[in-house]
Amino acid sequence: MELLLNASAWIVRHAGLIPGLDRPAHALPRVLDLACGQGRHVRWLAGRGAQVTAVDRDAAAVASLRALAAEVIVADLEAGPWPLAGRTFDAVVVTHYLWRPLLPAIVASVAPGGVLLYETFAHGNASVGKPSRPDFLLQPGELLDAVRPALRVIAYEDGFLDTPARFVQRIAAVRPPPDGASAEPVRWPLHAS
């Protein structure tokens, strides 16, 4: 159960890439937690000052998030239209969810200077448990292919974790600000400060 309650170590490690997170002098970052379930990342991010938009198809699962999230959207991402058309966020967080037709919309939802933090199950997971259907398992390099060339990859892993046993693929990728937005190069932090 701990896996379902605590924020993912990948999300925590790369949260420093979210513009304005844990920095009171900055504008509150707008974060999308897609397929958020019971909201472990909604809770963690809201606790650090983010304005979180929580999206999931299970109304009962997100009911308790209404007091924490800036916005809660109940939507079936696989059967209905993309509920966030034209909107962008300082960060988009996706864990334990894969619906390939949405990958372009997810990438397009990252605002200039924003970050995509994505972690889900990968090829090989059928040998250790569920999910086991190929539809729900990323193929080698698939997240890299999904974000390029729109986003710049800051960190990427594709491999096996033993506690609990699972094959994962995860990425932290940023959308660079527009050309000429700053004379200085962007310093993308590799760890939260």
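The values are calculated or read from the model by the stated rules, or taken from the named source; none is laboratory data. All of these numbers come straight from a predicted model, not from anything done at the bench. Heads up, the Cβs are rebuilt from the backbone with ideal geometry, glycines too, and the neighbour counts pull from every protein chain shown.
Summary table
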{"quantity": "Residue among A155, A150, A108 that alone is surrounded by 13 or more Cβ atoms within 10 Å (Cβ to Cβ), within 18 Å of I11 (Cβ to Cβ) and not hydroxyl-bearing (S, T, Y)", "calculated": "A155"}
{"quantity": "Search result, residues across the stretch 33-66 that are closer than 14 Å to A15 by Cβ and either among the hydrophobic types (A, V, I, L, M, F, W, C) or buried (at least 22 other Cβ atoms within 10 Å of the Cβ) (or both)", "calculated": "D33, H41, V42, W44, L45, A46, A50, V52"}
{"quantity": "When residues of the stretch 54-98 are limited to those that are of a type outside the set (A, V, I, L, M, F, W, C) and touching a Pro at 6+ places or on another chain (Cβ under 9 Å), the one nearest to A173 (Cα to Cα)", "calculated": "D90"}
{"quantity": "Residue satisfying all of: in the stretch 22-32; part of a loop (DSSP other than H, G, I, E, B) and either at positive phi or surrounded by 21 or more Cβ atoms within 10 Å (Cβ to Cβ) (or both); modelled with the lowest pLDDT among these", "calculated": "D22"}
{"quantity": "Where a residue in the stretch 2-16 is part of a loop (DSSP other than H, G, I, E, B) and modelled with pLDDT under 90 and its partner, wherever it lies, is buried (at least 16 other Cβ atoms within 10 Å of the Cβ) and not polar (S, T, N, Q), with Cβ under 6 Å and at least six apart", "calculated": "none"}
{"quantity": "Residue within the stretch 103-113 that is under 20 Å from L77 (Cβ atoms), of a type outside the set (K, R), at pLDDT below 95 and assigned to a helix (DSSP H, G or I) present", "calculated": "no"}
{"quantity": "Test: residue in the stretch 84-98 that is of a type in the set (S, T, Y) and farther than 26 Å from R166 by Cα", "calculated": "yes"}
{"quantity": "Residue within the stretch 88-100 that is assigned to a strand (DSSP E or B), under 27 Å from R152 (Cα atoms) and polar (S, T, N, Q) present", "calculated": "yes"}
{"quantity": "Per-region count, the stretch 74-94, residues closer than 12 Å to D56 by Cα and β-branched (V, I, T)", "calculated": "2"}
